[in-house]
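Remarks on the structure that follows.
The values are calculated or read from the model by the stated rules, or taken from the named source; none is laboratory data. Here the structure is a predicted model, which is why all the values come from computation and not from measurement. Side chains included, ligands, DNA and RNA excluded: accessible areas come from the protein's heavy atoms. Shrake-Rupley method; radii C 1.70, N 1.55, O 1.52, S 1.80 Å.
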Amino acid sequence: AAWTPELGNLASLVPPVDVLVDVLPAVLLGGVGISLVVAPLTSTLMGSIPSRNSGLGSAINNALSRVGQPLLGALIFIAITASFYAGLAAAVPGLDPSDPTVRAQVVPLNPPKPGTPPEVADAAKTASIDAFHLAALISAGLLVGGAAVSFVGLRTGARSGAQTGDEQVTSEVAEPAARAG
């Protein structure tokens, strides 16, 4: 059962052991993972562009970090919903998953509403689990893809000798000084 704390019931404010065992470790791992990724990725990105373009680079980085996650979340939920209702229709012959009544009774990744026929409730549970597994696979694929892009595109000598604006100015100043000395 879901944990529903109520301010009027002090005993309900203590989370059940299931929350501490099943939910908390994943949330902590996700938090540690994102903290290990964001700062180095931002530093690498900002270090890879010329300083004259740092404002634009920062703006693009900020926009992608704000828009990217919700957009990917929405796309993953589209896959979850499509998988859920397809699985529901396959498990319960004659059920129309596009019917608004069915969609109001059973929602992906949520318990069915009271009064839902038992065969539909059981199929919804199985379809939710399958849809969740699909979301986990899509997320894992996106993470592997992101790691591959980072490995290939964000390396310290990846610019193959190209100079940034600052490096070019420094070398132009240093060359006459070397010749004079």
With every protein chain left in place, what is the accessible area per residue of region 20-73 in square angstrom, probe 1.4 Å?
74
Gap in Å between the Cα centre of region 30-90 and the Cα centre of region 93-120?
33
In vacuo Debye scattering of region 80-134, one point per C-alpha: log10 I(q)/I(0) at q = 0.31 Å⁻¹?
-1.45
Once K113, K125 are ranked on solvent-accessible area with the largest value leading and a 1.4 Å probe, the list reads K125, K113
Measure off, as a whole percent, the carbon and sulfur share of the 1.4 Å-probe accessible area of region 48-144, all protein chains present.
69
